[in-house]
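The values are calculated or read from the model by the stated rules, or taken from the named source; none is laboratory data. Since the structure is predicted, the reported quantities are computational estimates derived from the model, not experimental observations. With ideal geometry, Cβ positions are generated from the backbone for all residues, glycine too; neighbour counts draw on all protein chains shown. Note: areas computed on protein heavy atoms with side chains; ligands, DNA, RNA excluded. Shrake-Rupley method; radii C 1.70, N 1.55, O 1.52, S 1.80 Å.
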Amino acid sequence: MAISVAGGVKPAQIIEIEHRLLKQLIVGRGKSISMDDELNAELEDDANKLEVEREAIRARIAKQNQDKAVFEAVSKQLLSSVNTTIEHQLSSPEQVLKHSKLDEKQITLLELLYSERVDLMQIKPLIIALPWLERDLVNIVNSPAFRHRRPSSSDVQVTDVKLVLNYIGVENLQALIPYFCLRNLMPTGQPQMLWLTRKLWRYSVVAAIAAQTLAALHEKAPAFIYSCSLMSQLGTTCVINQCAKTFDDMWGTWLREASASRDKELYDAVMATEFPANDVYQQVLAHSRTLNWQLLSLLKFDEIRLTKTFKRIDTSLIYAELDEDSALIERANCYAMVYLLKEAGNITPAESRLMFDYYQLSEQEQIRLSAQHFRKLTLF
């Protein structure tokens, strides 16, 4: 009979499985299974073209020893510069916050939305102060899928924020706003980042659905658990977003300089240099969980429920010592990890059982979770 590891000090094998999932998301070459709400679909053609061009250049370089030497030297120098800059930017949470898309308004909104009594008049000015969020919510209300929820006589475009919020309603806002907040934090604009971003988004969605399901099963208020689950990717997205922006800026500068010099070998070497996914994976391992609560603390939100939950998850050495909220979030993350590793054929049945044993997922929880549809969050 197998010895249970339930809830104690995390065994090395559990840590290895969790790192395997993170590596699959960041370093893995496979493209994510399609989601119903795919991120950055317009970048897909650009990403594919860039990938084809890079592969063609690398194939040509591989046949010519001199070009290969130039590529290795240039690529090494470029990536060294990128990694030095990234290490400096990640050297303190203050630097990460400075370069992130996170601000006080978003966290205040999340806190108001999971409070016992949600006041739309408090929420309205915060949404107006976040133009990207106002745009997303207005687009939802004016979408063909939402029109039937509005009065039948109204075909005009709705732009008034008060009307938008009233049409959507509190419960739907509790689902939509954390969803849009995380999407806004995801890496954007870099075609070479498209597949990584989609995989990370899919993991976030699977974990959030699992958290919602467990909250319903245990009759806990779902708004906080759902919001906390989505935002538990805050540190990871901030690290990856900053790494992606640093690489994209530096790579673009070097490419323009190589083009201006009319040095084809140099240009091809820069063009063929890929995003340093392995190095970024190490940075995420080192910083992401701690940044979840450190960034909120820097924004003066030390005492809110979200910050306290993230800090407990990061600093507790033993799962069994976690409070109910933190333990539920960790069980949801566990299920999402096993789900995606299993989907990729990257985990054994024995390892799945070990994960469920350590995080104490009951048979009832596993049955309920296995019945869920994990392709899309139910937002209405």
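Using beta carbons and a limit of 7 Å, which pairs, at least six apart or on different chains, have the first residue in region 72-85 and under 15 Å from Ala277 (Cα atoms) and the second one open to solvent by 60 Å² or more (accessible area, probe 1.4 Å) and not small (Gly, Ala, Ser)?
Close Cβ pairs satisfying both conditions: Asn83/Asp279.
For region 314-326, name all the residues that are open to solvent by less than 20 Å² (accessible area, probe 1.4 Å), in contact (Cβ under 8 Å) with a residue 24 or more places away in the chain and closer than 17 Å to Met231 by Cβ. Walk me through it before giving the result.
First pass over region 314-326, keeping only residues open to solvent by less than 20 Å² (accessible area, probe 1.4 Å): 319, 325-326.
From what is left, the residues that are in contact (Cβ under 8 Å) with a residue 24 or more places away in the chain are 319, 325.
Hit for region 314-326 is Asp325, nothing else.
Of all residues in region 240-272, which are of a type in the set (D, E, K, R) and open to solvent by less than 50 Å² (accessible area, probe 1.4 Å)?
Asp248, Asp268
Any residue at all in region 84-101 that is within 25 Å of the chain's Cα centre (by Cα), modelled with pLDDT of 85 or more, under 30 Å from Asp263 (Cα atoms) and open to solvent by less than 80 Å² (accessible area, probe 1.4 Å)?
Within region 84-101, one or more residues are within 25 Å of the chain's Cα centre (by Cα), modelled with pLDDT of 85 or more, under 30 Å from Asp263 (Cα atoms) and open to solvent by less than 80 Å² (accessible area, probe 1.4 Å).
Look through region 180-201, keep the residues that are open to solvent by less than 10 Å² (accessible area, probe 1.4 Å) and not in a loop (DSSP other than H, G, I, E, B), and return whichever of them is farthest from Val138 (Cα to Cα).
If we take residues in region 180-201 being open to solvent by less than 10 Å² (accessible area, probe 1.4 Å) and not in a loop (DSSP other than H, G, I, E, B), then Met193 is farthest from Val138 (Cα to Cα).
If Ser362 satisfies all but one of (1) open to solvent by less than 30 Å² (accessible area, probe 1.4 Å); (2) free of Cβ contacts under 8 Å to residues at least 60 places away in the same chain, what's the number of the condition it fails?
(1)
Is there any pair linking a residue in region 205-232 that is within 18 Å of Glu116 (Cα to Cα) and open to solvent by 10 Å² or more (accessible area, probe 1.4 Å) to one that is aliphatic (A, V, I, L, M) and not in a helix (DSSP H, G or I), with Cβ under 9 Å and at least six apart or on different chains, and which?
Pairs that qualify, where the first residue is within 18 Å of Glu116 (Cα to Cα) and open to solvent by 10 Å² or more (accessible area, probe 1.4 Å) and the partner is aliphatic (A, V, I, L, M) and not in a helix (DSSP H, G or I), are Gln212/Leu377; Ala223/Val118.
List the pairs whose first member sits in region 278-289 and is among the basic types (Lys, Arg), whose second member is not in a helix (DSSP H, G or I), and whose Cβ atoms are under 7 Å apart, counting only residues at least 6 apart or on separate chains?
none
Out of the residues in region 235-275 meeting the condition of being in contact (Cβ under 8 Å) with a residue 40 or more places away in the chain and among the small types (Gly, Ala, Ser), tell me which one is farthest from Ala286 (Cα to Cα).
Ala269
I'm told Phe310 meets every condition in (1) closer than 25 Å to Asp357 by Cα; (2) open to solvent by 60 Å² or more (accessible area, probe 1.4 Å); (3) in contact (Cβ under 8 Å) with a residue 60 or more places away in the chain except one. Can you identify the failing condition by its number?
(2)
Those residues that are among the aliphatic types (A, V, I, L, M), part of a helix (DSSP H, G or I) and either under 11 Å from Asp325 (Cα atoms) or more than 21 Å from the chain's Cα centre (by Cα) (or both), I need them from region 213-230; list them, please.
Scanning region 213-230 gives Leu214, Ala215, Ala216, Leu217, Ile225.
I need the full set of residues from region 275-301 which are surrounded by fewer than 20 Cβ atoms within 10 Å (Cβ to Cβ) and β-branched (Val, Ile, Thr), in order please.
Thr290, the sole residue that qualifies.
Limited to region 102-134, what total is found for residues that are open to solvent by 50 Å² or more (accessible area, probe 1.4 Å), touching a residue at least 40 places away in the same chain (Cβ under 8 Å) and in contact with a helix residue (DSSP H, G or I) (Cβ under 6 Å, 6 or more places away or on another chain)?
Residues in region 102-134 being open to solvent by 50 Å² or more (accessible area, probe 1.4 Å), touching a residue at least 40 places away in the same chain (Cβ under 8 Å) and in contact with a helix residue (DSSP H, G or I) (Cβ under 6 Å, 6 or more places away or on another chain): 1 in total.
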